[in-house]
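A.B. asks: Quick one: the structure is below, and I'll ask about it shortly.
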Amino acid sequence: MINYIKGQLVYIGENNIIVENNGIGYSIFISNRTSSKLPHLNNEVKIFTYMNVKEDGISLYGFLSLDELNMFNLLITVNGIGPKGALALLSELRPSDILMAISYEDKNALAIGKGIGKKTAERIILDLKDKIGSFSVSEKESSISIDVRQKESSASDEKNDAIAGLVALGFSKIEAAKAVESVYTIGMDSSKIISIALKVL
């Protein structure tokens, strides 16, 4: 098993890269999000990898962070989601976004991935909603704290009411949840949360 490859980035393609290590060039499939964060050619790069072994060949899928790799590994446990489907979803959404979409059962947010329809999105939610409680996100770009366990408390009730109100106004669940999490402070009621969240949205 190849956990990661560290070497010189010698090629950047439409959906793959080649990393040279000790005279061997490794072709690695990557997401659009990973591609946008790569260093310039001929610089050193460290890619966390998943090795997919099939009868017709072996392929590598790579990520710049363990968060992305862990989410990829979680997604491919869903029936009907292969490595390419998981990569397509990670091209559009950060791991934190996927966690939130599953937590709030937002199938529209998950259906954004190429080849991911609403039925597949529903399957992702059904299969993973009980597995994400132990999944933590440490990525630097995540600006919100996600409580995937949704603890039963008056605070979460007020936030959930606010999210429901924003969804009724036409926002998606994931948009509403992000806005609510970003503006909420202790003691806010749902109407106050909605009022401030609308300014963010």
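What follows draws every value from the coordinates through simple rules; no lab data is involved. Because the structure is predicted, anything quoted here is derived from the model rather than measured. For neighbour counting, all protein chains shown are included, and Cβ atoms are generated from backbone atoms with ideal geometry for every residue, glycine included.
A.B. asks: How far, in degrees from 0 to 90, does helix 118-128 lean away from the longest principal axis of the Cα atoms of the chain, to the nearest 10?
C.D. replies: 90 degrees
A.B. asks: So for segment 151-201, Kirkwood radius off the Cα pairs, Stokes-Einstein at 4 °C and 1.567 mPa s: how many µm² s⁻¹?
C.D. replies: Value of D from the Cα-based Kirkwood radius: 125 µm²/s.
A.B. asks: At 222 nm, what value in deg cm²/dmol follows for the chain if DSSP H runs of at least 4 each add -39500 (n - 2.57) and the sum is divided by all its residues, to the nearest 500?
C.D. replies: One gets -12500 deg cm²/dmol as the mean residue ellipticity at 222 nm.
A.B. asks: Sticking with this one: When only C-alpha pairs under 8 Å and at least 6 residues apart count, what is the relative contact order of the chain, in percent?
C.D. replies: 13 percent
A.B. asks: Filter the cross-link list K118/K159; K114/K159; K37/K118; K107/K159; K129/K178 down to pairs whose alpha-carbon distance in this structure exceeds 23 Å.
C.D. replies: Numbers: K118/K159 26 Å; K114/K159 31 Å; K37/K118 29 Å; K107/K159 20 Å; K129/K178 18 Å.
In this structure, K118/K159; K114/K159; K37/K118 exceed 23 Å between Cα atoms.
A.B. asks: Give the angle, between 0 and 90 degrees and rounded to the nearest 10, that separates the Cα long axis of helix 83-92 from the longest principal axis of the Cα atoms of the chain.
C.D. replies: Orientation of helix 83-92: about 50 degrees from the principal axis.
A.B. asks: What residue among G113, G25, G187 has the largest mean-square fluctuation in a Gaussian network model of the chain, using Cα springs under 10 Å?
C.D. replies: G187
A.B. asks: Here is a further query. Quick one: net charge of L166's neighbours, Cβ under 9 Å, K/R +1, D/E -1? Walk me through the numbers on the way to the answer.
C.D. replies: Numbers: positive: K173; negative: E175.
Local net charge: 0.
A.B. asks: Next question, about the same structure. In percent, what relative contact order does segment 1-89 have, based on Cα pairs under 8 Å that are 6 or more apart in sequence?
C.D. replies: Details: 147 pairs, mean separation 22.0, N = 89.
Relative contact order of segment 1-89: 25 percent.
A.B. asks: Under a 10 Å cutoff between Cα atoms, tell me which one of A177, A164, A86 has the largest fluctuation in the Gaussian network model of the chain.
C.D. replies: Checking each option, the largest mean-square fluctuation is seen for A164.
A.B. asks: Right, something else. Quick one: Debye curve from the alpha-carbon atoms of segment 4-64 only, equal weights, vacuum; give me log10 I(q)/I(0) at q = 0.26 Å⁻¹ to two decimals.
C.D. replies: -1.12
A.B. asks: To continue, here is another question. Compute the FRET efficiency between L66 and T185 as 1/(1 + (r/R0)^6), taking r as their Cβ-Cβ distance and R0 = 25 Å, and round to the nearest 0.05. Spell out each step's value before the answer.
C.D. replies: On the way: r = 31 Å, r/R0 = 1.26.
Once the sixth-power term is evaluated, E becomes 0.20.
A.B. asks: Once label points are set 7 Å from the Cα along Cα→Cβ at both N21 and I2, what is their separation, rounded to one decimal in nm?
C.D. replies: Here the modelled spin labels are 0.7 nm apart.
A.B. asks: With the Cα gyration tensor of the chain giving a ≥ b ≥ c as the square roots of its eigenvalues, does the rule (a/c under 1.5 for rounded; else a/b larger than b/c for prolate; else oblate) give rounded, prolate or oblate?
C.D. replies: Values: a/c = 2.58, a/b = 2.01, b/c = 1.29.
Cα axes put the chain in the prolate bin.
A.B. asks: Moving on. Springs between alpha-carbon pairs under 10 angstrom, Gaussian network model over the chain: which of K84, K178, K119 fluctuates most?
C.D. replies: In this elastic network of the chain, the residue with the biggest mean-square fluctuation among K84, K178, K119 is K119.
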